[in-house]
Amino acid sequence: MPKVLAAFIARGIGAVYETSGPGEEEELAVRAIQNGVTTIVAVGGDGTCGRIANAILRSATPCRLAVVPSGTGNDFAKTLGVSRYTPDQVADLVVRREATRIDVGVADGHCFLNSCGFGFDPSVLEASNRVRFLKGDAVYIYSALGQLFTYRGIEVSANGVPNVKRGRMLMVTVSNGRSLGGAFKIAPHASILDGRLDACFFSDSNVVERVRLFVGAMRGTHIGMRSVSAASVQHLALTFASSPLMEMDGELRKARSSTVEVTCVPRALSVVAAPGALV
């Protein structure tokens, strides 16, 4: 934090809102917007960015979102092209006052910037929260490998996606950005500017096929595999046997019911990105 603060104070930016615990980001973002702030710089990971984005969207103001990446996977920072930027470089982007409007996903009444996942995805996230001896992408890789041989799959049907029948799935992901868990290229063709989300359905399979899917997802070559169905959607409804656990921007949530509506809201959020990152 001292380096982050020094970088922004040197450029005349000194309003700091600091959380004292998880989940306070939205409350502080609302307070900042009420105080006239026009750009919020999130110092954190995907969950922090997602919570702040929820506050900005509810405020119905043109407030911009920027990020100094300091999370685990930093998938949203990768999308903005700033995952390797120093605080000084991010501060330079912010003072230029250039911004781009991007799409936002909404699932179960909450917005997400990068991804929403069911099944294996939240199971891995739940396991990763218990890992204390690794950092960065290694946390998700290690956790995913552990779940690969034990996770039992979920029953799900999809309304709004042709050729996807009800059945047992290993995982369902609905993506705005291209990466997931830092290391996985889960939606290699996704764009946050096209007004659509990339849905990916992974049929449950044997251990050998699961390993192939794992490697393929890391490389972004899983699309086209026999057990994978992909679709570009503006809206879809997923129905489960009971209210599922869901991963949204790297955080766990329990869905309000057994049916989860997922929608893309085009160009809903103003963001600060690296030059040429959003194409």
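The values are calculated or read from the model by the stated rules, or taken from the named source; none is laboratory data. Because the structure is predicted, anything quoted here is derived from the model rather than measured. Here the Cβ is made from the backbone with ideal geometry for all residues, glycine too, and neighbour counts use every protein chain on show.
Counting only residues that are over 16 Å from ASP88 (Cβ atoms) and either modelled with pLDDT of 95 or more or not in a loop (DSSP other than H, G, I, E, B) (or both), the range 2-43 holds 13 of them.
Reported count of residues in the range 217-258, each being touching a residue at least 12 places away in the same chain (Cβ under 8 Å), among the charged types (D, E, K, R) and either in contact with a strand residue (DSSP E or B) (Cβ under 7 Å, 6 or more places away or on another chain) or outside the structural domain of ILE192 (by TED's automatic domain parsing) (or both), is 3. Residues that are farther than 30 Å from THR39 by Cβ number at least 2 in the following strands (runs of 3 or more DSSP E) confined to the range 166-279: 167-175, 197-203, 228-233, 235-240, 259-271. Contact map, the range 110-121: residues that are within 20 Å of ARG64 (Cα to Cα) paired with residues that are buried (at least 24 other Cβ atoms within 10 Å of the Cβ) and among the acidic types (Asp, Glu), Cβ distance under 6 Å, separation 6+ or inter-chain. Pairs shown: PHE112/ASP249; LEU113/ASP249; ASN114/ASP46; ASN114/ASP75; ASN114/ASP249.
Mind checking which residues of the range 45-65 are part of a strand (DSSP E or B) and surrounded by 23 or more Cβ atoms within 10 Å (Cβ to Cβ)? Selection gives LEU65 alone. Look at GLY160 and say whether it is at pLDDT below 85, of a type outside the set (A, V, I, L, M, F, W, C) and in contact with a strand residue (DSSP E or B) (Cβ under 6 Å, 6 or more places away or on another chain). Yes. For the range 26-43, the set of residues classified as of a type in the set (Gly, Ala, Ser), over 17 Å from HIS110 (Cα atoms) and surrounded by 22 or more Cβ atoms within 10 Å (Cβ to Cβ) consists of ALA42 only.
Here GLY153 meets each of (1) touching a Lys or Arg at 6+ places or on another chain (Cβ under 7 Å); (2) without any contact (Cβ under 8 Å) to a residue 60 or more places away in the chain; (3) within 20 Å of LYS78 (Cα to Cα) with one exception, condition (3).
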